[in-house]
1. Debye sum, Cα scatterers, the chain, no solvent: what log₁₀ I/I(0) at q = 0.05, 0.08, 0.11, 0.14 1/Å?
2. If you find the alpha carbon centre of segment 1-30 and of segment 263-290, how far apart are they in angstrom?
3. Counting pairs on different chains as well as pairs 8 or more places apart, how many Lys pairs in segment 247-342 have Cα atoms under 16 Å apart?
4. Note the angle between two axes, namely the Cα long axis of helix 30-46 and the longest principal axis of the Cα atoms of the chain, as a number of degrees from 0 to 90, rounded to the nearest 10.
5. Assuming a viscosity of 1.002 mPa s and a temperature of 20 °C, what translational diffusion coefficient in µm² per second does Stokes-Einstein assign to segment 297-337, Rh being the Kirkwood radius over Cα pairs?
6. Any idea what the relative contact order of the chain is, in percent, if you count C-alpha pairs under 8 Å spaced at least 6 apart?
7. Pull up the cross-link candidates among the lysines for Lys454, meaning alpha carbon to alpha carbon under 18 Å and not fewer than 8 places away within one chain.
8. For Lys34, list the lysines whose Cα falls under 18 Å from its own Cα; do not include residues on the same chain fewer than 8 positions away.
Amino acid sequence: MNIQNTTASRIEEIIVKQRGYYRGESTLKLGFRKQMLKRLLKAMKHCEKELSDALYVDLHKSYEEAYMTEISIVYGEIKNHLDNFKDWASCEKVSTPLKMFPSQTYIVKEPLGNALIIAPWNYPVQLLLNPLVGAISAGCTAILKPSPYVPTVSSVIEKMIAETFDEEYVAVVQGNREVNAQLLSYRYDMIFFTGSPSLGKLVMKAASQYLTPLVLELGGKSPCIVDRECNVRIAARRIVFGKTLNSGQTCIAPDYLFVHKSVKEAFKKAFQEELKKMHGEDVEKSLHYVRLVNDRAFDRVLSYMDDGDVVVGGRSNRDTRYIEPTLIENVAMDSPLMTEEIFGPIFPLHEFEDIDEVIQFVNERDKPLALYYFGDEKRGWKLIRRTSSGGACINDTIMHIANENVPFGGVGNSGMGSYHGRDSFLAFSHRRTVVTTPKCFDLPFRYMPYKYFKWIKKLL
């Protein structure tokens, strides 16, 4: 299936319509926002099978994985906003210092306005619709740009959105990077982008032309550290889960391993055993093992096999874009396996004895989107305090994304801004300070020529 590029004239038409619609102030009403959130939830439930079938066609993603990692996460996000967005939107009265007497101070949340949401292909439902939930609850309009690399999913989403919302409110624009460039040439009130750091820089450059606020959800090389005090079996199981989920095509997938010398051999054995438990003797026949998204991705990931010695896995099939989960040792620190985000099921493994050397290694590189530590919890907390990452887990992988009540986002090269739950609402909102002062009562001390300065000074 090929995706047809939305024409430049249609893009401009949609943008003009959405600007006009937002100025009509319909989206400011909380009742309207609630109705739209419910409408999105109903549409998703109606299209759940179509969406999951499309995910299987494009990525070989099983219904179970599609539901767990995509559809249910959007359901949870919508329900969280339905339960809480009225509180998030409420006017906050804050304390006012004596020097401002008799004024009172408030924080008012107002929508930013017209939003552009650009999503990648690896979780094409979740990463497109979760930000949309925030845009709706905050009172924005939205243009959605799905990835052309998952054409079946993108087509289903376009159809679902068109049947659910008027395009002057929410619309889908389809196409390649040329379409992205056309979209980014226009002015928006907010841009939400999920993708690679290199593309994130282009988005940021485009946004800078109009000083448009933006959220960048990027990626990077997320370290996974297995210390001597770990439960080897559980560590291996949870790491296999995190690395093989979506065939490693996850922005928060563990990207490389540091394993303590004392448990390295036991871990390698446990990794292989847990892999068989999850996916069977032949992973290629697993019902729950995703394929690489296209031939280019397959060729790129497969090329990493030459950068070290394969100790687990190593098989592949280009016809089906299958690459077996693979552990590789003796990898040079300056090889692409250790300098580029892998975004696939290959896992370089290094041993260590001194945790300080691992911390130094992590801190000398770009801040990752995620960091994973397996071992003693107190040692894990010490490591977290001495490093920086978008999110982190102690004795687990991936699961910090599953809680819609906490922010998800990167830091440094792995992104800026955050979303999920209240943070999604705030990402698409402006927190506006409003001061009210009685008109019938006026103290003279603040006015020139400052006759009362000696008393004023004591208040300041």
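Every number in this text was worked out from the coordinates using simple rules, so none of it is lab data. What you see is a predicted model, and the numbers here were worked out from it, not measured in a lab. Using ideal geometry, Cβ is built from the backbone for each residue, glycine included, and neighbour counts are taken over all protein chains shown.
1. For the chain, the Cα-only Debye profile gives -0.22, -0.53, -0.90, -1.29.
2. Cα centres, segment 1-30 to segment 263-290: 47 Å.
3. For segment 247-342, qualifying lysine pairs total 6.
4. For 30-46 against the chain, the angle is about 20 degrees.
5. 202 µm²/s
6. 19 percent
7. Lys99
8. Within the straight-line cut-off, Lys34 pairs with Lys42, Lys45, Lys79, Lys86, Lys109.
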